[in-house]
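What follows is a set of notes on a single structure, which appears directly below.
The values are calculated or read from the model by the stated rules, or taken from the named source; none is laboratory data. Here the structure is a predicted model, which means the values were calculated and not measured. Positions of Cβ are backbone-derived with ideal geometry, glycine not excepted, and every protein chain shown enters the neighbour counts. Side chains are part of the model used for accessible areas, which takes the heavy atoms of the whole protein and leaves out ligands, DNA and RNA. Shrake-Rupley method; radii C 1.70, N 1.55, O 1.52, S 1.80 Å.
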Amino acid sequence: MDRKRIVLADDHQELLQEIRQLLTPEFQVLRTVSDGLELLAAVRACKPDAVVSDIRMPGLNGLEACRQIVHEGLCGAAILLTMYDDGQLVTKAIQAGVRGYVLKIDAGGELIPALNSVLAGGTYHSSGVRRRME
């Protein structure tokens, strides 16, 4: 089985390792980074199939890093993994080309389906976000 290749970004190391452990059985985690500038460099170097990034990170926030990644055509399957369920942030993410928006509280049950959806060319918003958007 050819596992899809992922780059993860979050400035909380413990959560980053938990997400890596969650994804490793189904995906190949190429690199984990802790800020947006490192994320851009990792994506340019590794050419992953998908990116999962927190929004608030030092150096460059995850939303802006994902905007640049998508705009430069480096990776179209970008997911923001965040604790913020703010509708304005979701709208900004969509405008930036981000195709997945998953709340950290929903990650255990929804991050893998979100990755599968965006990797197949679709979009995904976690249940907490969908409830807020209704």
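Here are some notes:
- When the convex hull of its Cα atoms is projected in every direction, mean area for region 69-134 (nm²): 4.1 nm²
- Among 16-26, 62-72, the peptide with the highest mean count of other Cβ atoms within 10 Å heads the list, and the full ranking is 62-72, 16-26.
- Mean Cβ count within 10 Å, highest first, over the residues of peptides 115-121, 46-52: 46-52, 115-121
- Of the beta bridges in region 1-111, as assigned by DSSP with both residues counted there, near 0 percent are antiparallel.
- Accessible area expressed per residue, region 53-98, with surrounding protein chains retained (probe 1.4 Å, Å²): 46 Å²
- Working note: Debye formula, equal point scatterers on the alpha-carbon atoms of region 20-134, no solvent; log10 I(q)/I(0) at q = 0.09, 0.18, 0.23 Å⁻¹ is -0.20, -0.85, -1.45.
- Carbon plus sulfur fraction of accessible area for the chain, probe 1.4 Å, in percent: 49 percent
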